[in-house]
Structure formats: structure tokens, C-alpha cells
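To keep things clear, I will list the structure first and then write my remarks on it.
We did not get these values from a lab; they are worked out from the coordinates using the rules stated. Every value quoted in this text rests on a predicted model; they were computed, and no experiment measured them. FYI the Cβ positions are ideal-geometry reconstructions off the backbone, even for glycines, and counts take in every protein chain you see.
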Amino acid sequence: MVKMAQQQMTRSNKNIFFRLMFSAVCVLLFNQLSYAQETNNSKKFSPPLDLTKVKKLIDSRCVICHGCYDAPCQLKLTSYQGLIRGGNKNPVYNPSRLNDEQPTRLFIDAHSTEKWHQLNFHSVITSKNRVQEHSASTAGIKTTQNNSVLKLLLDQKKAFPQNQSKRLPKEFPLDVTRDLSCPSANSIVNYLDDNNQSGMPYGMSAIPDNEQQLLDKWIAAGYPDFDKPLKITASLKIKILAWEKFFNTKSAENKLVSRYLYEHLFLGHLLISDNNKNYFFRLVRSTTNSGKVLFEIATAHPNGDPQLEKFFYRLRPITSTLVDKTHFIYDLNANKMDRWKKLFFATDWKVTHFPLYTDQYTSNPFLTYQDIPAAARYKFLLDDAFFFINNFIKGPVCRGQVALNVINDYFYVNFLDPNYDLSVIDDSYLKKGLKYLTLSKNKSSISTFSISWFKRLTEHQKYLEYRDRAYASHPVTKDGFPLQAIWQDHRANNDMLTVFRHFDSGSVIKGFVGNKPATAWVVDFPIFERIFYDLVVNYNVYGSVSHQVLTRLYMDYLRMESESLLLAFLPKNSRDEQLKQWYVGSIAQTKIFFLHSKLMFENKTKVNFKSIDYFKELIEKIRYRAGFNEPTYQNSLVGNETKTSKPENYFHLLNNKQTVSSPWVGMMPEVVYLMVHSKNGDVQKVVSLLRNKAHTNVSFIFGEDLRRLPKKDTSIIIDGTVGSYPNLIFYLSEDEVTEFVIKLKKLQSETELHELVSRFGVRRTDPKIWQVLDDLQEYRSSKLNLKGILDMSRYRNL
């Protein structure tokens, strides 16, 4: 019995044990299921990655320095394709290269990561396979598969932020021409060990924490594509096809006109509006016709040989972020097409010989397009003169001090009326002058530099002689130019332009701004076309040093030619003296009066003058003929309109015209923005304060500092934002403006300038710089209708 009882107890204990074990397993399973469910719910309700916000963040924080040819390490972040292409240590702008280099234009010269790597690009979003310690002690950063060059540079800024709102050390490298390291995944760790202040954004305040978290989330997700594909609506497609049909009409005349149009529009952002929305395109040459996948033909120049007997002009959508530096808008609409048909096809003309893509033709557009009536070509340029002048003042050619010192800091541009231009009204003029109008070949070398330069100089001298004889003998011009020989545009205010040079960049404004330009131009058709081909069509940003210098030297001739045409409207006996005021110094004057002895027209003038300051009076006559009031910053940006909505006159204590010879003028950078905001932070007004540097002359490539006249520098205040590269921003409340202006005008020393910036300015290291830039861009977009992003790479350390 006892034994039986023991057996029953043993069975009972086993049952209890199994029950307990079963219960424990159930509890564990329940807990696991609950945890899994909780995890799934967490994932389910975790906010998804908003790629639209990622794109906006990269535009506003990265593209501001990585948007153009001069983006550091060629890391162009205006599109996802630019991100995955990566970086390249070779700079695009290289004034010392002896030979032309392979172009590396995004979307054009390669179409896969493998191809870009063959062109020496390296990834910034992948890293080494092995884990590697980062010895920057306190940072504690490691490189793994998730730690790319981009991520490490962003993390470095968090670990080593710049001193908030303080000036960076003087030795901190900020110059756009500085040597760049451009580390790859193999070298990034050592680079950051040696350069702990090189985090991104470089030389700027760290971005806000919430923005950093968004980027971290995007990086952790594997850098998903943030670009949205462009949706082409049915109505937009009809417009695109209509334009492509126009460009690809098969007649010889249409083909020649399309070639001409392409060479002049290739740099533009062609605007097509559809259903109240704007779309931008590039005109390209493609191996495929309309309706098929577009394959752009890559040539260094738009007049380069496509190497195909048959190709097609296509409109390629621009999906990249728009940046101000490259956003040249050209409107394609029904009126434009009608205008082109009237210009180019209303008169009867035939193609006698279709030009080849050889040096003979690419170096002389007057030979290439001699069959197209000159009147059509010149009026085509005049119709959108602002666009075409912008192409070379803001285009790839105009970057850097040497490239820009071919022009003065501040001058006016006018155009010769077609009815007084012998190249338009006399068919024999261009035919006889063709041999003098050749530009340098698209390719040049050190060995042929001297020959090319001397040939261009000789041809220019002969052309001036030929031009002078022709204008002195033609019935329309032999008695001189009347005021009406300066062209008036009654449609789009293209006839009066103001050009500013901002040391190593430039900008163009419609209308005459201010009242004391350094010089002024009158541009005729031969000048206009040669400037455009010299600085835009035939210019190669990847070209050799000899190509760069020949381009600069030839533009020197064209600038003088433009100035001499304006001087032809002054009394004959005053022209030499006026020219000497523009070219001060014995060497410059020897160059002008000896090498270009026929620069001046021999004709008298038909313009009547009342004063002895003939140049000033001529400018006033042109201005008042167009309906200008006395120029002030209120009306300086509105072209020929004389009435505007009067802005708050915040800066009335600054001279509304131009300030001359004040100490504070010499302390200002070239481009300063004054932003006025209300008490709640809303931007009320933005104006530009520009410094125009004076020179004895702009006749030589080098030695600019030796030709400076700092005591004659001027400052001008203009409504809105001028320039693509702001150097400094003052952020002022409405009740601070008077105090700011008083302190500004009292500046006497660099120390006082730094104090002024500390009080009113926005430094690179100021945490509020990001919100200020956001507000500035919003103001430009909503109030000024300017959509391109400004570039902060030239923002000063003050």
C-alpha cells in the first residue's frame, strides 16, 4: 500500500511538473508574441521617411555650396544623380592645365556609376568593408558599411562644431581657389584625424538637430532616391512635340536655322508653361527622334561635330534643383514661335552651301550662317538681349578674378539700332569683312598660342580700318550717328542694361542702375555675335590655359570696340580725352592708341549737346528718352517703368544714388544683402548693397591690384537681391535700421567692422544663418519671383 501510495505521489508530482513547464512555455511564447506584436506596431506607426523633406533639406543646406561647376570636389548635389556620381579631386576651373581635359558634365558625359569612376569620381555614400577606428578621441566615430564619406563629414560637424557666431580663424581655408583634399572612403578617416574642423557644412554652423536626425534617418535607410520623376501631362507633351517638330523640319533652311538657334540656346533654361505650371528644358542634340528615349550627343562645344549624319534636336526636361548662377530663362511660347517664323522665314533666302563642323566654320559664325539674313540674326539677339548678355556675364566663362577683370565693375550696355548697322542694312559689309571676323579655334595649345594671338590682333586691326572706311562712306552713317541710332526696345526692356562685376562673378540688370558707370558700351551685330561665340559657344570650361587666355584677350578687343562705338555718339574732338579717362596710365594708352590706332570712328556725331560733360549728358539723354526718373534704389530694378509701389524707405540715410570715397565703402565686400524683418520675424524688405571697385584700366590680365583706385570705389544700393554669391548678410529689425546705417557710415577700422557684424550681421557660424537663408530664399521666390538658389561659397568670414 505504501509503495502504491508512493507511486501515485510520483505520478502526481510529474503531472504538476509538466503542468508548470507547459505554463512556463506558454508564458514565454505569449511574451515573445507580445513583443513581436509591439515591435510590429512600433514599425507600423513609425513615421515614414519623407523624401520630399530630404530633398528640400539637401537643397537648402548642401546645394548652397554644391550647385555649380565650382562645387568643391565636383560634388554637385542638385540631383540624386550628382550624389551617386560622387566627388573628384580634379577641379573644373584649372587655370594651369596645359591641355584640354575630358568634360565631366552631369547627365551628359557619363551615365553610370562605373563610367563616372572611370573618370576619376569616387563614391561618397559607400565605405570600406572593414571596421576602422577613428582616432579623433572625443568623437568616437567608427567607419562601417553604414559610415560613408558623407556620413562621416556630417558626424564630424556634430563632434567638432565651429564656435557659434564667432569669426573663424584667419587661417581657416575658405577661398574658392583653395587646394581641396577630396577624401575617398580609403582616406576619409585619416583626413578627419588631421582636419577636425572639416565637417559639413564646411565652415558653417551645424545644421539644427531635427534636420541632422532627418539626414541620419535617410542615411540609415540606405540613401534612397529623393528625386521625383517628372510627370509629362498630355497637354505639355503636345507643346514639346510641336517645338521639336519645328526644330527638326527637314528643309535645308530650317536645318540651318535650327543649328543657329541651338548654338545660341544650349545654355538656357527653356520655359514652357502648361496649366499654370512652369517647366524648364534644355535644347540638346539626340541620336533619337521625338517620342523615343532621348540620348544626348556629348560634344565639348554646341558647334562640335556630332559625328552623325542624322541627329535630332530634342527638349530635355530639367529635373535638377535650380540655382541662380545657371538659371537663364528663355520663354518658349506661341508668340515666340510666330516671331521666329517671321524673322527667319518671312523673306526668301536659300542655303547655298550647308556648313560643315570644321574649324573653318566653328571659328567664324558669320561664315557659317552667311545665308541667313543678318537682320534676322541680329533682331533675334536683340529680342532677348538680356538673356544673351547674361549667358556670358553669369555663364561658365565668368568665374574667377582673371576671367572677370576683362570688364569694369560697373558699366552700361546699349545696342546699335539695326537701321544704322551696316552689317544689317548693307549685304556687302559682312561679305567683305568676313576674313577679319574669325575667332580662335575651339582647341588651342601652348605651341600655337603666339601665332593665334598675333593673327587675331592683326585681323582686329584690319577690321577696325575696314569698319571705319565703310561707316565714313555709307549714305546712312557718313554724317554720324543721331541719338535714335541707339536702339530702343518697346516690348521687353532689353535695350538698356547694367552690368556689375563682383570681383570673381558678375550680374546683369535691366535698365540703367545708378548714375556713375565706369564706362558704357554700344554693341552692334558683329560685336554681339563675336562676344557670344568667344565667351559662350566656343568657350570650354575644361580647356587649356592657352584657350582660356586667348578667350580673355579677344574679349579685350571686343570691349574696346564696344566702347569706341559709344564714343562715336560724342563730339569727335572729345573722344580721345574720354577714352584716356577710361584707360589711365601710359602703358594702357600706348596699347589703345598704338595697337588699336583705328579704334575711333572718324565720323562726326548728330547728337546735340548742351554741356561739356558729354558722356554724362549722353547717358542722361538715353535714360530720359526711355522715361527714367532720377535713379534711386526704389526704381533702379524696374527697367523703363517710372512708377513703382514705393517701398519703405528704410535706408534713406544712405545716399540713394552712389556713395563715393567714404571709408566704410572700402570695408564692404562686393555683395551685401540688407534684410529687414518685423517684430514677429517676417521679412519686409531685402536690398543689395554693392561695392564697385575702381581701376585705372582693365587692359591687362594680371596685376589688377597694381591698377586699383580704392579711394574711388563706389557703393550703390539696389532694391532686391543682385548677384548669385552673397558675401555678407545684415539681418535687421525695423527699429534697428537707423542705428545700423549710422554705425555703418561711421566705420573707420576693421575692428569697428567686426563689431558691426557682431551686432547686426549673420556670420557663417551663427546658428540662425539657416533660418535667415530660408527666409531669404522664400522672399526671393514669393516677392521677387526668383527661383534659383543662391550660392554661399563666397560668403565672407567677417
Check: In units of 2.2 N^0.38 Å, what is the alpha-carbon radius of gyration of the stretch 498-575?
Finding: 1.26
Next item on the list: Work through the residues other than residue 713 whose Cβ is under 9 Å from its Cβ and net out their charges, Lys, Arg +1 and Asp, Glu -1.
Entry: +4
Margin query: Please report the net charge: other residues with Cβ closer than 10 Å to the Cβ of residue 601, K and R +1, D and E -1.
Written below: +3
Notebook entry, point to check: What number, rounded to the nearest 500 deg cm²/dmol, is the helix-based mean residue ellipticity at 222 nm of the chain, given -39500 (n - 2.57) per DSSP H run of at least four residues and division by all its residues?
Noted result: -11500 deg cm²/dmol
Note to self: Between helix 750-760 and the chain, what is the angle of the helix's C-alpha long axis to the longest principal axis, kept within 0 to 90° and rounded to the nearest 10?
What the structure shows: 60 degrees
Item checked: Residue pairs, from the table 237/787; 228/787; 379/462; 310/441; 431/516, whose Cα atoms sit over 28 Å apart -> 431/516
Next item on the list: Write down Rg/Rh for the stretch 658-783, rounded to two decimals, with Rg from the C-alpha atoms and Rh from the Kirkwood relation over Cα pairs.
Entry: 1.00
Margin query: Spelling out what I want: for every residue of the stretch 350-365, take phi, set θ = phi - 60°, compute 6.51 cos²θ - 1.76 cosθ + 1.60 (Karplus), and round to whole Hz; glycine and proline get x.
Written below: 10, 7, 8, 7, 6, x, 8, 9, 10, 4, 4, 8, 5, 8, 8, x
Next item on the list: Starting from 0 in steps of 10 Å, tell me what percent of the Cα-Cα pairs of the chain lands in each bin.
Entry: 2, 12, 21, 23, 19, 11, 4, 2, 2, 1, 1, 1, 0, 0, 0
Notebook entry, point to check: Which ³J(HN,Hα) values in Hz, rounded to whole numbers, follow from the phi angles of the stretch 331-348 under the Karplus curve 6.51 cos²θ - 1.76 cosθ + 1.60, where θ = phi - 60° and Gly and Pro get x?
Noted result: 7, 9, 9, 4, 5, 5, 5, 4, 5, 5, 4, 5, 5, 9, 10, 6, 9, 8
Check: With point charges of +1 on the Cβ of Lys and Arg and -1 on the Cβ of Asp and Glu, referenced to the Cα centre of the chain, which listed residue (78, 769, 174) lies farthest in the positive direction of the dipole?
Finding: 78
Notebook entry, point to check: For the stretch 334-401, what class follows from the C-alpha gyration tensor (a ≥ b ≥ c being the square roots of its eigenvalues): rounded when a/c is under 1.5, otherwise prolate if a/b is larger than b/c, else oblate?
Noted result: oblate
Next item on the list: Please give the peptides 564-576, 496-508, 167-179 ranked by average Cβ packing (other Cβ atoms within 10 Å per residue), highest first, as a rough proxy for protection.
Entry: 496-508, 564-576, 167-179
Note to self: In whole Å, what are the extents of the stretch 358-628 along the principal axes defined by its C-alpha atoms, from largest to smallest?
What the structure shows: 54, 42, 41
Notebook entry, point to check: Which cross-chain or sequence-distant (5 or more) residues have an amide H under 5 Å from the amide H of residue 495, H modelled 1.01 Å from N in plane?
Noted result: 489
Next item on the list: Arrange the peptides 429-440, 64-75 so that the one whose residues have, on average, the most other Cβ atoms within 10 Å appears first.
Entry: 64-75, 429-440
Margin query: Just want the answer: with Cβ charges of +1 for Lys and Arg and -1 for Asp and Glu, which residue in 257, 391, 684 is farthest toward the dipole's positive end in the chain?
Written below: 257
Notebook entry, point to check: What does the charge count near residue 355 come to, summing +1 for each Lys or Arg and -1 for each Asp or Glu among other residues with Cβ under 11 Å from its Cβ?
Noted result: +1
Notebook entry, point to check: With the Cα gyration tensor of the stretch 359-487 giving a ≥ b ≥ c as the square roots of its eigenvalues, does the rule (a/c under 1.5 for rounded; else a/b larger than b/c for prolate; else oblate) give rounded, prolate or oblate?
Noted result: oblate
Notebook entry, point to check: Ranked highest first by the average count of other Cβ atoms within 10 Å around their residues, in what order do 149-159, 478-488 fall?
Noted result: 149-159, 478-488
Check: In terms of the Cα gyration tensor, with a ≥ b ≥ c the square roots of its eigenvalues, is the stretch 52-220 rounded because a/c is under 1.5, prolate because a/b exceeds b/c, or oblate?
Finding: rounded
Check: What is the magnitude of the charge dipole of the chain about its Cα centre, with +1 placed on the Cβ of each Lys and Arg, -1 on the Cβ of each Asp and Glu, and no other charges, expressed in debye to the nearest 20?
Finding: 1580 debye
Check: How far is helix 374-383 tilted off the main Cα axis of the chain, in degrees rounded to 10, range 0 to 90?
Finding: 50 degrees
Notebook entry, point to check: Once label points are set 7 Å from the Cα along Cα→Cβ at both residue 572 and residue 293, what is their separation, rounded to one decimal in nm?
Noted result: 6.8 nm
Margin query: Spelling out what I want: for every residue of the stretch 428-433, take phi, set θ = phi - 60°, compute 6.51 cos²θ - 1.76 cosθ + 1.60 (Karplus), and round to whole Hz; glycine and proline get x.
Written below: 6, 4, 6, 4, 6, x
